[in-house]
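One structure is given below, encoded as structure tokens.
The values are calculated or read from the model by the stated rules, or taken from the named source; none is laboratory data. Keep in mind that this is a model prediction, so the values were computed, not measured. Here the Cβ positions follow ideal geometry from the backbone for every residue, glycine too, while neighbour counts run over all protein chains shown. Please note that ligands, DNA and RNA were not included when accessible areas were found on the heavy atoms of the full protein model with its side chains. Shrake-Rupley method; radii C 1.70, N 1.55, O 1.52, S 1.80 Å.
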Amino acid sequence: MWTKDSLCELVREKLGDYKFIAVSNREPYVHTYSGHQVICRRPPSGLTAALDPVMQACGGIWIAHGSGDADRRTVDRNNKVSVPPEKPSYSLKRIWLNKEEEDGYYNGFSNKALWPLCHIVYTRPAFDEPDWNTYKKVNNIFAESVLEEVGTGKAFVFVQDYHLALLPKLLKEANSNIITAHFWHIPWPNEEAFRICPWQNEILEGLLSNDVMGFHIRYHCNNFMETVGQALEARVDYERYEVSYGGKRTAVRPFPISVDFEELDREAQGAEVTAEVDRLKNCLGLDDEVIGMGIDRFDYTKGIPDRFKAIDGFLAKYPEYQGKVIFIQAGVASRVLIQEYQSLNKEIDSLVEKINWKYAKGRWKPIICLRENLPQVSLMALRRMADFCVVSSLHDGMNLVAKEYVASRFDEGGVLILSPFTGASRELTEALLVNPYATDQFAEAIKKAIEMPEAEKQKRMKKMREVVRENNIYKWAADIISELLKFEVGV
Ligand code: GDG
């Protein structure tokens, strides 16, 4: 089984004189002003939650966009800051973008085009040429920063996600001593869906410059290979799961991302979490109600309105549960400058208001929405309090909330209701799998979760915990690094 220590050893022994550089849009630690004080917080992001423990184990440099208003104040003259603040173990190098660059590259091409293109949730992607040009420009800015770091030496560069599809090609063209792996954190849709992107060839050429191209599940690998096969004059080898294009070979592999199981398991048992459970229960006025819970970045792919509709259906069909069940939805608004996200936030607020008005009795109301960036201890307390956790994504690469819930349930209690449209559902087969579009079935799943006998809950949770314990985040990183090592220059 992979652990933080064994990953650390792999890196120390095998990486030799290679620098280890991770690159992503989102940074793992954001410094912001709170009045005159500077505070450091972790963003609500699956990518950073997963990669941070890996970087803590491997050391190295993580290059990302500095998005906090106090970020510039906290870096040295090379734009670097050591993180995590409480136990520095790697270097975060920040890249600065102006508002136009951030808007065109991040809000624009990344999140108005690629995000809806890759998630089949019926939100139309918007392909805007100026945004695409800004995306190209910003990928070049990232490339310059990586190349400056590598100098004339050798490096393993671990590129993250859909914001940086063009980066590998830029790096390889500039320095042949660079080996790259790219992990695509979101789904890759089928060829027919992807081909509407007017710049699909440039994107594919960027990605096929990588030595290793990783997705969460094999299905996304297959979709990617089909897309390549249709769009480019490439040799697609389904036996070896490789693509050859322009004389370059790219291994395409599934690497299911995960969480730091041992750390979450340990944290969940801490006395501060017990105290936080009491504080939250008191503060939210909870007695002995059955507690359901969701934690999400508020995104239209996460199926948040769909779960509220199921709660409504459940309370209408089984009125005996009115007054006895409370659903706590935690999470923060995301990408608020994009119109679809503004509509989603309005829809969430109005559904909560409508459902609470419909069923409220005295002090009890069925849904509590905690719309703030809660500290880790509160998120952990929620996981521990929740009799059931709902993950109802309409489409999701993996979904770490599901794995975090499982890893936190050291007591083997709790039920996970999980959408089959998440990557996580391939591994967490002991969850109650329910289609979030099917409101009636979803309502029945809530009833089943509440009424499930303790022995069955325990049996299911135990199995899921074994899966997450074994397939933890260190295994994910070790598998990718081991694959990369096969491409070591000169070997
Ligand atoms: C992408 C893919 C894939 C949520 N709300 C708050 C908060 N969170 C934390 C959760 C979790 C993370 O954010 C969200 O993880 P997800 O996996 O759901 O992902 P996305 O951000 O959509 O990420 C996804 C992931 O990349 C990794 O590859 O699993 O499929 O879409 O850690 O606990 N954290 C805080 N406040 C919140 O309100 N602090």
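Overview of results
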| read-out | value |
| --- | --- |
| Alpha-carbon centroids, the stretch 211-228 and the stretch 246-277: separation in whole Å | 21 |
| Shape category assigned to the stretch 168-229 from the gyration tensor of Cα positions, a/c cut at 1.5 | oblate |
| Surface per residue (accessible, 1.4 Å probe) for the stretch 27-135, Å² | 44 |
| Gyration tensor verdict on the stretch 376-430 (Cα atoms; rounded if a/c is under 1.5, prolate if a/b is larger than b/c, oblate otherwise) | prolate |
| Considering only the chain, percent of DSSP beta bridges that pair antiparallel, nearest 5 | 25 |
| Qualifying GluC sites (Glu not before Pro) for the stretch 327-421 [loop in DSSP, other Cβ within 10 Å: at most 14] | 372 |
| Proximal lysines relative to residue 99, as straight alpha-carbon distance under 26 Å, when same-chain residues fewer than 8 apart are discounted | 80, 112, 136, 137, 169, 346 |
| Normalised per residue, the volume of the convex hull around the Cα set of the chain (Å³) | 147 |
| Compactness relative to 2.2 N^0.38 Å, alpha carbon Rg of the stretch 1-135 | 1.21 |
| Volume per residue that the Cα convex hull of the stretch 261-470 spans, once the total is divided by residue count, Å³ | 112 |
| Low-density loop cleavage sites - chymotrypsin sites (Phe, Trp or Tyr not before Pro) in the stretch 82-154, where at most 10 other Cβ are within 10 Å (DSSP) | 122 |
| Angle between the chain longest axis and helix 473-485 axis [Cα atoms, degrees, rounded to 10] | 20 |
| Using alpha-carbon coordinates, inclination of helix 376-385 to the longest axis of the chain, degrees | 40 |
| Of 302/324; 302/459; 93/463; 87/475, pairs whose Cα-Cα distance is over 31 Å | 93/463 |
| Estimated 222 nm signal from helices in the chain, with DSSP H stretches of n ≥ 4 weighted -39500 (n - 2.57), rounded to 500 | -13000 deg cm²/dmol |
| The stretch 261-470, accessible area per residue, ligands and nucleic acids excluded (1.4 Å, Å²) | 42 |
| Extension gain, residue 129 back to residue 248 (0.36 nm per residue minus Cα-Cα distance, nm) | 40.0 nm |
| Largest-first ordering by accessible area, 1.4 Å probe, given options 405, 300 | 300, 405 |
| Amide H contacts under 5 Å for residue 242, placed H, 5+ residues apart | 237, 252 |
| Extreme residue, positive dipole direction of the chain, given options 269, 31, 215 (C-beta unit charges) | 269 |
| Spacing of the two label points (7 Å from each Cα toward its C-beta) at residue 320 and residue 275, in nm | 4.1 |
| Fraction of beta bridges assigned by DSSP in the stretch 315-446 that are antiparallel (%, nearest 5) | 10 |
| Angle between the chain longest axis and helix 439-451 axis [Cα atoms, degrees, rounded to 10] | 70 |
| Order by protection proxy (mean Cβ within 10 Å, highest first), peptides 280-293, 415-428, 186-199 | 415-428, 186-199, 280-293 |
| Carbon and sulfur %, accessible surface of the chain computed with the full protein complex present, 1.4 Å | 47 |
| Shape call, the stretch 325-384: gyration tensor on alpha carbons, a/c limit 1.5 | oblate |
| Backbone HN-Hα couplings from phi across the stretch 209-219 [Karplus 6.51/-1.76/1.60, Hz, Gly and Pro as x] | 7, 6, 7, 10, 10, x, 10, 5, 9, 4, 4 |
| The stretch 84-134-the stretch 371-441 distance, computed between alpha-carbon centres (Å) | 26 |
